[in-house]
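Colleague: Would you mind keeping the following structure in view while I ask a few things?
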Amino acid sequence: MVAGPIVPLDGSTLYPSGMYVLARGRWFAADRGKQWADGEAIAGVRPGEEIPDDFSRAPDDSEFIATGVIPLADVSALCSVETFCTWKNKVWFVDRVDTVNRIALLTVATYLPFEYAEDTPTPPWTEFLTWPGVDGRDREWISVRVRPDEMARVQMEITPFETPPPIARLDREIIQGLRVESLPRSPWLPAEDALAVVRGRIAGEDVGSYPVDRLQADRLRDGWRVWAVPPVSDDPLDVRLGWAVWYVADDGVVWRSSTSTEFGVAEQRLTDQLFERLQAARSAGSGEVG
């Protein structure tokens with residue numbers, strides 16, 4: 001291989017974690033799930049990218065939509081990329097990004113890149129494992145799918161190679177890194193703070209005989225449902241449709257609802273409105289929301 005650019009790092013393109021080869025005038029993600037033959041590289045094409053004529057369609061369960069073999073003699077640069085982001089105050093590897101369907105797959109980072117501290121407060125691992133949309137067997141195998149625009153503090157760290165390294169991850173010296181344009185933060189609110197926010201709101205509202213002392217916080221994807229579960233009634237007509245429920249987003253914004261609104265509908269509203277506020281703060285160049 002001849003000396004060439006590492007990656008076209010200008011902050012406008014997000015490269016998920018993986019290995020990349022520069023060939024035929026474009027960057028390809030390398031398919032490291034297969035053993036490379038001597039003198040060859042296996043390149044992959046992700047959704048939304050153009051498929052070369054000599055590439056083969058990949059199985060539906062593959063990371064790529066097509067793959068092809070490229071002689072190493074045709075590769076002008078080879079590098080690995082480790083991409084990190086913050087979501088809910090935890091640091092994650094960005095493993096995949098589907099730009100067509102607007103989905104990013106994150107897995108919890110087993111180590112932090114240099115000068116990349118976690119934000120605080122941080123969700124406890126036991127809580128993470130129970131969150132809607134989070135898949136995890138233990139703290140080493142936690143993954144989540146998010147919209148790419150939800151990722152905060154995105155950072156790519158680049159390592160060039162003269163020859164293909166083994167498939168296993170190596171201890172490596174990072175020689176170049178870049179912060180990609182992204183959200184400045186991805187907030188998370190502890191349960192006790194959500195309860196305090198609602199108690200403060202209730203103090204200025206007329207809730208009648210509502211049992212404030214029995215308030216509980218149920219974790220949602222992007223905040224909390226805070227309410228006192230209605231008492232059991234023998235009357236089949238007593239469905240408590242007007243029972244008060246408060247929703248507190250992870251940025252501290254709270255709004256009052258009731259059991260007349262389906263929980264799923266209210267939870268989606270919580271998620272959508274938090275997303276909109278975070279994007280508005282991003283556009284304004286400020287990390288302060290709420």
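The values are calculated or read from the model by the stated rules, or taken from the named source; none is laboratory data. Note that the structure is a prediction, hence the values are computed from the model and not measured. Positions of Cβ are backbone-derived with ideal geometry, glycine not excepted, and every protein chain shown enters the neighbour counts. Accessible surface is based on the protein model in full, side chains and every heavy atom, while ligands, DNA and RNA are left aside. Shrake-Rupley method; radii C 1.70, N 1.55, O 1.52, S 1.80 Å.
This table checks each residue for (1) β-branched (Val, Ile, Thr); (2) surrounded by 14 or more Cβ atoms within 10 Å (Cβ to Cβ); (3) modelled with pLDDT of 85 or more.
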residue	(1), (2), (3)
Arg102	no, no, yes
Val108	yes, yes, yes
Leu112	no, no, no
Thr122	yes, yes, yes
Thr130	yes, no, yes
Gly133	no, no, yes
Ser143	no, yes, yes
Glu150	no, yes, yes
Thr159	yes, yes, no
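Colleague: Being within 30 Å of Glu40 (Cα to Cα) and crowded, with 20+ Cβ neighbours inside 10 Å is the requirement here; does Cys79 meet it?
Modeller: It is true that Cys79 is within 30 Å of Glu40 (Cα to Cα) and crowded, with 20+ Cβ neighbours inside 10 Å.
Colleague: Give segment 24-38 a look and list any residue that's open to solvent by 70 Å² or more (accessible area, probe 1.4 Å) and either in contact with a strand residue (DSSP E or B) (Cβ under 8 Å, 6 or more places away or on another chain) or farther than 11 Å from Glu63 by Cβ (or both), or say none.
Modeller: Those that are open to solvent by 70 Å² or more (accessible area, probe 1.4 Å) and either in contact with a strand residue (DSSP E or B) (Cβ under 8 Å, 6 or more places away or on another chain) or farther than 11 Å from Glu63 by Cβ (or both): Arg24, Gly25, Lys34, Gln35, Asp38.
Colleague: Scan segment 98-108 and give yes if some residue there is acidic (Asp, Glu), in contact (Cβ under 8 Å) with a residue 40 or more places away in the chain and farther than 22 Å from Asp251 by Cβ, otherwise no.
Modeller: yes
Colleague: Follow-up. For Thr13, indicate whether it is under 30 Å from Leu278 (Cβ atoms) and in a loop (DSSP other than H, G, I, E, B).
Modeller: Yes, satisfied.
Colleague: Based on this model, can you work out whether Asp95 counts as in contact (Cβ under 8 Å) with a residue 60 or more places away in the chain, acidic (Asp, Glu), open to solvent by 10 Å² or more (accessible area, probe 1.4 Å) and closer than 21 Å to Asp31 by Cα?
Modeller: For Asp95, the condition - in contact (Cβ under 8 Å) with a residue 60 or more places away in the chain, acidic (Asp, Glu), open to solvent by 10 Å² or more (accessible area, probe 1.4 Å) and closer than 21 Å to Asp31 by Cα - is met.
Colleague: Kindly establish whether Val91 is under 26 Å from the mean Cα position of the chain (by Cα), of a type in the set (Val, Ile, Thr) and not in a strand (DSSP E or B).
Modeller: Answer is no for this residue.
Colleague: Only residues that are under 14 Å from Arg26 (Cα atoms) and either of a type in the set (A, V, I, L, M) or open to solvent by less than 50 Å² (accessible area, probe 1.4 Å) (or both): list them for segment 44-67, please.
Modeller: Answer for segment 44-67, where residues must be under 14 Å from Arg26 (Cα atoms) and either of a type in the set (A, V, I, L, M) or open to solvent by less than 50 Å² (accessible area, probe 1.4 Å) (or both): Gly44, Val45, Arg46, Ile51, Pro52.
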